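Chemist: Take this structure first; my questions come after.
The values are calculated or read from the model by the stated rules, or taken from the named source; none is laboratory data. Note that this is a predicted model, so its numbers are computed, not measured. Heads up, the Cβs are rebuilt from the backbone with ideal geometry, glycines too, and the neighbour counts pull from every protein chain shown. These area figures cover heavy atoms from the full protein model, side chains too; ligands, DNA and RNA do not enter into them. Shrake-Rupley method; radii C 1.70, N 1.55, O 1.52, S 1.80 Å.
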Amino acid sequence: MKLVIHRYLPCTTVEGPGRRFCLWVQGCSIRCEGCGVPWTWSKQNGKTVTVEELFREIEKSRKENDIEGVTFLGGEPFDQAEALGKLAAMVKKVGLTVMTFSGYLYEELKNRTKACDLLAYTDLLIDGPFEKEKLDLSRPWVGSFNQRFHFLTSAYKYLENELVGMGNKIEIRISKNGLVSVNGMATQETLNELFDVSEFKKIKRI
Ligand code: SF4
């Protein structure tokens with residue numbers, strides 16, 4: 001089974017609780033106005049990989065980075081729910097947690113047969129589209145206050161009353177060729193403060 005992906009990070013601390021492998025899938029059928037990652041909308045721009053290949057990378061990171069889980073975001077993970085459901089099952093089997101983002105609502109996803117496995121293996125689901133007029137970064141990992149946290153297992157239930165005020169963080173990576181990449185959640189204003197605006201074209205927001 002194959003997935004079309006944008007990219008992955010073997011280990012990040014700003015895309016969910018603890019140290020996580022993070023997978024950005026390629027392709028999003030929702031296309032929210034003000035989306036921070038519009039380059040993940042078209043499936044044409046993605047890279048096709050097998051579920052087994054990705055699982056090998058996750059296993060490598062589990063051994064090298066002591067990750068506690070995997071985060072699926074995008075793009076829209078539920079546009080590729082079957083393959084991600086298979087990957088999520090493999091991830092859970094080795095004792096890692098699964099956190100999944102979706103622009104669709106949980107109520108809608110529950111009625112989709114193809115979404116069953118991915119939902120069943122997800123510990124923490126964050127649902128709802130980004131709505132730019134509801135911009136709110138007071139909770140971690142999300143950009144607007146309509147987005148909801150669903151604790152589908154007890155794994156992250158302890159976070160339920162701690163979300164407001166936790167805020168967001170970003171990570172900045174500089175590659176050998178000087179390309180600066182950013183992941184995590186921040187406003188454009190924050191990024192402008194961090195970087196010289198004249199140099200901003202060199203920054204790849206992920
Ligand atoms: S669901 Fe996510 S990736 Fe898709 S348009 Fe909305 S914010 Fe962007």
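Chemist: Any residue at all in segment 133-152 that's more than 16 Å from the ligand (Cβ to nearest atom), open to solvent by 10 Å² or more (accessible area, probe 1.4 Å), under 25 Å from residue 82 (Cβ atoms) and without any contact (Cβ under 8 Å) to a residue 40 or more places away in the chain?
Modeler: Among the residues of segment 133-152, at least one is more than 16 Å from the ligand (Cβ to nearest atom), open to solvent by 10 Å² or more (accessible area, probe 1.4 Å), under 25 Å from residue 82 (Cβ atoms) and without any contact (Cβ under 8 Å) to a residue 40 or more places away in the chain, which makes the answer yes.
Chemist: Mind listing whichever residues of segment 67-88 are of a type in the set (D, E, K, R) and within 16 Å of the ligand (Cβ to nearest atom)? Give the steps one after another, and end with the answer.
Modeler: Filtering segment 67-88 down to residues of a type in the set (D, E, K, R) leaves 68, 76, 79, 82, 86.
Correct list: 76, 79.
Chemist: Any residue in segment 33-40 that is modelled with pLDDT under 95, touching a helix residue (DSSP H, G or I) at 6+ places or on another chain (Cβ under 9 Å) and aromatic (Phe, Trp, Tyr)?
Modeler: The answer is yes; a qualifying residue exists.
Chemist: Output the residues belonging to segment 1-12 that are open to solvent by 50 Å² or more (accessible area, probe 1.4 Å) and either in contact (Cβ under 8 Å) with a residue 60 or more places away in the chain or within 11 Å of the chain's Cα centre (by Cα) (or both).
Modeler: Across segment 1-12, the qualifying residues are 1, 2, 7, 8.
Chemist: Would you point out the residue of segment 94-105, among those that are of a type in the set (A, V, I, L, M, F, W, C) and crowded, with 19+ Cβ neighbours inside 10 Å, that is nearest to the ligand (Cβ to nearest atom)?
Modeler: 101
One line per residue, one yes/no per condition, for (1) more than 13 Å from the ligand (Cβ to nearest atom); (2) under 11 Å from residue 4 (Cα atoms):
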| position | (1), (2) |
| --- | --- |
| 31 | no, no |
| 35 | no, no |
| 40 | no, yes |
| 43 | no, yes |
| 61 | yes, no |
| 65 | yes, no |
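Chemist: Related question: Just to be sure before I move on: is residue 53 open to solvent by 10 Å² or more (accessible area, probe 1.4 Å), more than 22 Å from residue 188 (Cβ to Cβ) and either more than 16 Å from the ligand (Cβ to nearest atom) or not in a helix (DSSP H, G or I) (or both) in the structure I sent? Please lay out each step first, then the result.
Modeler: On the way: open to solvent by 10 Å² or more (accessible area, probe 1.4 Å): yes; more than 22 Å from residue 188 (Cβ to Cβ): yes; either more than 16 Å from the ligand (Cβ to nearest atom) or not in a helix (DSSP H, G or I) (or both): yes.
Yes: the conditions hold for residue 53.
Chemist: Identify all residues within segment 13-29 that are open to solvent by 40 Å² or more (accessible area, probe 1.4 Å) and more than 14 Å from the ligand (Cβ to nearest atom); write none if there are none.
Modeler: Filtering segment 13-29 down to residues open to solvent by 40 Å² or more (accessible area, probe 1.4 Å) leaves 13, 19, 29.
Selection gives 13, 19.
Chemist: Sticking with this one: Taking segment 164-179 only, how many residues are free of Cβ contacts under 8 Å to residues at least 12 places away in the same chain, within 18 Å of residue 195 (Cα to Cα) and in a loop (DSSP other than H, G, I, E, B)?
Modeler: 2
Chemist: How about segment 2-19: which of its residues are touching an Asp or Glu at 6+ places or on another chain (Cβ under 7 Å) and either at pLDDT below 95 or of a type in the set (D, E, K, R) (or both)?
Modeler: 19
Chemist: So, of the residues in segment 110-132 that are of a type in the set (Lys, Arg) and not in a helix (DSSP H, G or I), which turns out to be least open to solvent (accessible area, probe 1.4 Å)?
Modeler: Ranking the qualifying residues of segment 110-132, first place goes to 112.
Chemist: Exactly one condition in (1) open to solvent by 10 Å² or more (accessible area, probe 1.4 Å); (2) more than 15 Å from the ligand (Cβ to nearest atom) is not met by residue 91; state its number.
Modeler: Unmet condition: (1).
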